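Values quoted throughout were computed directly from the atomic coordinates according to the rules given, and no laboratory measurement underlies them. None of these values were measured; they are calculated from a predicted model. Note: ideal-geometry Cβ built from the backbone for every residue, glycine included; neighbour counts use all protein chains shown.
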Amino acid sequence: MAVVTFTDEFTSSVPAKKLFTALILDADNLIPKLMPQAFKSIETIQGNGGPGSIKKMTFAEGAGPGLTHVKHRIDALDEEKMTYSYTLIEGDVLMDKIESIAYEIKFEATPDGGCKGISVSKFHPKAGVEIEEEQVQEGKQKAMAVFKVVEAYLIANPQAYA
């Protein structure tokens, strides 16, 4: 089956380095604290947190019907260039329809002191399965909700990750 690719861009008034640090480098600690109703924990279960490591995200009870956890493999992490690539390899969100989802995220500083982000998602469906736009939109909305919560936290706490 053909890989289905989606590219999204977003902007923020938060500086790129600060947003990258909070959303990527400290996500394991920050996201479950900010969104305990959705995330019970995020932990590295294999490796040292760099490329090749496996992370497990455990959803809180009631986070969504049938949601318990997902696992992803870190494919690349470049703190200097503020890029992060990972592949979702296991979990309820794959719905027995998707083999894996590869994500590439890049943060870039903007002249106004904020940043622009680019996110590329590549869905690898199982044989005979077609990816439906509404399923993808639901996942993108949930990811954007996490982004907005972290962004709001950073705006309200300018000293965080300074």
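Checking the Cα-Cα distances for LYS56/LYS106; LYS40/LYS81; LYS18/LYS97 against a 28 Å cut-off, the pairs over it are LYS40/LYS81; LYS18/LYS97. Angle check, please: helix 133-156 long axis (alpha carbons) against the longest principal axis of the chain (alpha carbons), in degrees 0 to 90, nearest 10. Helix 133-156 and the main axis of the chain meet at about 20 degrees. With the helix formula -39500 (n - 2.57) applied to DSSP H stretches of n ≥ 4, the chain reaches a computed 222 nm mean residue ellipticity of -7000 deg cm²/dmol. I need the shape label for the stretch 85-162. Rule: rounded when a/c is under 1.5, else prolate if a/b > b/c, else oblate, with a, b, c from the alpha carbon gyration tensor. Prolate, since a/c reaches 1.5 and a/b exceeds b/c. Computed over the alpha-carbon pairs of the stretch 12-162, the distance histogram in 5 Å steps reads 2, 9, 17, 22, 22, 16, 9, 3, 1, 0, 0 percent, short to long. Taking packing as the residue-averaged number of other Cβ atoms within 10 angstrom, the listed peptides 53-65, 113-125 run from highest to lowest as 113-125, 53-65. One Cα centroid belongs to the stretch 1-75, the other to the stretch 109-152; the line between them spans 12 Å. So what is the relative contact order of the stretch 7-60, in percent, for Cα pairs below 8 Å that sit 6 or more residues apart? In percent, rounded to a whole number, it is 24.
Taking 0.36 nm per residue of separation and subtracting the current Cα-Cα distance, fully stretching the chain between GLU90 and VAL129 would add 12.3 nm.
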